[in-house]
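A.B. asks: Sharing a structure with you now.
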Amino acid sequence: MNLQPGRYTYREIIGQSDAWSATLAAVEAQIDDLRSWLDRPWAQVVFIGCGSTYYLALSAAAIWQALTGNQAQAAPASELWLYSASSLPQPPSLLTAISRSGETTETLRAVDAYHRLAGDDVLAVTCYSDCPLTVEATRVLIARHAEEDSVAQTRSFTSMLLLAQWAAALASSRDDYLDQLRTLPSLGSQIVDTYEELAQRLGRDPHIERFVFLGSGANYGLACEAMLKMKEMSLSPSEAFHFLEFRHGPMSVVGPDMLIIGLVSETAREHEAAVLAEMRDLGAQVLAIADSPDGLPADDVVALSSNLSDMARGPLMLPILQLMAYYRAIDKGLNPDCPTNLEAVVRL
Ligand code: F1P
């Protein structure tokens, strides 16, 4: 019985950098095999998932294409299953199926459709070694140390993202990028120590009623995932957009009850900062998360201080945003371990 609401979620968020180290250590033994298996001229790589894992797929596809130069895209698993003609990749292709549980019906059916109509090569990224998805896959990456008791994905998301990044490093023979990934666990725990109080203050701020998460490139999937955490754990109105898209209509609803969270990249820093400045002028409160937020137009900042590339530092952006959703849920008397109306796995 879960006596203290949110205790699983809290433990899973706070300890996630340990899960990252353990996950990286566990896949070390697969390096040679995976490197040679991935050493092929894919015409297209497709990443699929559902909910959180679809958002992970968005981020993973952006990273994969940036690193390898191969065309990569993401789709919800249901699209491959139900709209195969418009979403299956051209051969030779690789399907990367991401699912915490490895049991989600749509993901399993998408893999089946891919096998029947498109290709043989499936890489599964999951947290459970004995799940149905692993049976259907050619190669499997498992974040066993990131298994979760809570329904909302937190450490599982970032650990599986790390595995997708790790696979991209091998596919692109980027040993320098692998080295960057290895520094994430220690950076992650420092960020949580430094900014938990800020997450608590913003999560509990009674003046904030709506949340908007902005991110572009590989950060867009992360912005979507942060939006989902806020929505499912705390039942707060929460949306995600690509930075510059926010000007094209959504900014109509900006007001003083809105916190805009910018996941700022180095690639497009100047343009992303300009969006934040404009929204602040319109009255929104702004939180900027960046490697070095000096000079960014924001009321509060999270400095990641990683010196890592935009394609490597993604996992560092999420723990503080997960904590913000957790604290807001607790403040509203909700139990973040069991979001309203949700089950851990959707089975059709
Ligand atoms: C996908 C998922 C979860 C979400 C929810 C229902 O699961 O959408 O992201 O938290 O509870 O299922 P999975 O395929 O990644 O296990």
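A.B. asks: Which values, in whole Å and largest first, are the semi-axes of the equivalent ellipsoid of the chain obtained as the square root of 5 times each eigenvalue of the Cα gyration tensor?
C.D. replies: 31, 22, 20
A.B. asks: So, one more: Under a crude label model (7 Å from the Cα following the beta-carbon direction), how far is E270 from L235 in nanometres?
C.D. replies: Simple spin-label model gives 4.6 nm for this pair.
A.B. asks: Rounding to the nearest 10 and keeping the result within 0 to 90°, find how far the Cα-based axis of helix 52-68 lies from the longest principal axis of the chain.
C.D. replies: Orientation of helix 52-68: about 70 degrees from the principal axis.
A.B. asks: Whole-Hz ³J(HN,Hα) for each residue in the range 125-139, computed from phi via Karplus 6.51 cos²θ - 1.76 cosθ + 1.60 with θ = phi - 60°, x for glycine and proline: what do you get?
C.D. replies: Computed from phi, the couplings for the range 125-139 are 10, 8, 10, 10, 6, 9, 8, x, 4, 5, 5, 8, 9, 7, 9 Hz.
A.B. asks: Measure out, as a whole number of angstrom, how far apart the alpha-carbon centroids of the range 4-53 and the range 163-179 sit.
C.D. replies: 12 Å
A.B. asks: For I261, what residues show an amide H to amide H distance below 5 Å, using hydrogens built from the backbone and excluding near sequence neighbours?
C.D. replies: For I261, whose amide H was placed from the backbone, the distant partners under 5 Å are V212, F213, L214, L287.
A.B. asks: Can you sort K229, K332 by solvent-accessible area, 1.4 Å probe, largest first?
C.D. replies: Result, largest first: K332, K229.
A.B. asks: Once every DSSP H run of n ≥ 4 in the chain is given -39500 (n - 2.57) and the sum is divided by its residues, what mean residue ellipticity at 222 nm do you get, rounded to the nearest 500 deg cm²/dmol?
C.D. replies: Mean residue ellipticity, 222 nm, calculated: -14500 deg cm²/dmol.
A.B. asks: Any chance you could run the full-extension gain for A43 through V135? It's 0.36 nm times the residue separation minus the Cα-Cα distance, nm to one decimal. Spell out each step's value before the answer.
C.D. replies: Numbers: separation 92, 0.36 × 92 = 33.12 nm, distance 2.48 nm.
So the extension gain works out to 30.6 nm.
A.B. asks: Further question: More than 22 Å apart: what percent of Cα pairs in the range 48-191 qualify?
C.D. replies: 35 percent
A.B. asks: In the chain, if the dipole is taken from +1 on Lys/Arg beta carbons and -1 on Asp/Glu beta carbons about the Cα centre, which of L214, Q190, G6 is farthest to the positive end?
C.D. replies: G6
A.B. asks: Can you list the HN-Hα couplings for the range 92-105, worked out from phi with the Karplus curve (6.51, -1.76, 1.60; θ = phi - 60°), rounded to whole Hz and with x for Gly and Pro?
C.D. replies: Working through the residues one at a time gives x, 10, 10, 9, 10, 9, 10, 7, 3, 6, x, 10, 4, 4 Hz.
A.B. asks: Still on this structure, I have one more. Can you pull the one-decimal nm distance between simple spin-label points at A277 and S84, each 7 Å off the Cα toward Cβ?
C.D. replies: It works out to 5.2 nm between the two label points.
A.B. asks: Tilt of helix 184-204 relative to the longest C-alpha principal axis of the chain, in degrees (0 to 90, nearest 10)?
C.D. replies: Once rounded, one gets 40 degrees.
A.B. asks: Residue by residue through the range 327-344, what is 3J(HN,Hα) from phi via Karplus (6.51 cos²θ - 1.76 cosθ + 1.60, θ = phi - 60°)? Round to whole Hz and write x for glycine and proline.
C.D. replies: Each residue of the range 327-344 in turn: 5, 5, 4, 4, 4, 8, x, 9, 9, x, 5, 10, x, 3, 6, 9, 10, 5 Hz.
A.B. asks: Report the gain in length on full extension from L198 to D294: 0.36 nm times residue separation, minus Cα-Cα distance, nm rounded to one decimal.
C.D. replies: Numbers: separation 96, 0.36 × 96 = 34.56 nm, distance 1.71 nm.
Full extension of this stretch gives 32.8 nm more.
A.B. asks: Follow-up question, since we're still on this one. Quick one: ranking F241, F47 by accessible area, 1.4 Å probe, largest first, what do you get?
C.D. replies: From most exposed to least exposed: F241, F47.
A.B. asks: Another question about this same structure. Modelling each spin label as a point 7 Å along the Cα-to-Cβ direction, I'd like the N307/D175 distance in nm, to one decimal.
C.D. replies: 2.0 nm
A.B. asks: Contour minus end-to-end for V253 and D112, with contour as 0.36 nm per residue of separation and end-to-end as the Cα-Cα distance? Intermediate results must be reported in sequence, preceding the final value.
C.D. replies: Details: separation 141, 0.36 × 141 = 50.76 nm, distance 4.23 nm.
Full extension from V253 to D112 adds 46.5 nm.
The values are calculated or read from the model by the stated rules, or taken from the named source; none is laboratory data. Here the structure is a predicted model, which is why all the values come from computation and not from measurement. When we count neighbours, we look across all protein chains shown, and the Cβ atoms used for this are built from the backbone with ideal geometry, even at glycine. Please note that ligands, DNA and RNA were not included when accessible areas were found on the heavy atoms of the full protein model with its side chains. Shrake-Rupley method; radii C 1.70, N 1.55, O 1.52, S 1.80 Å.
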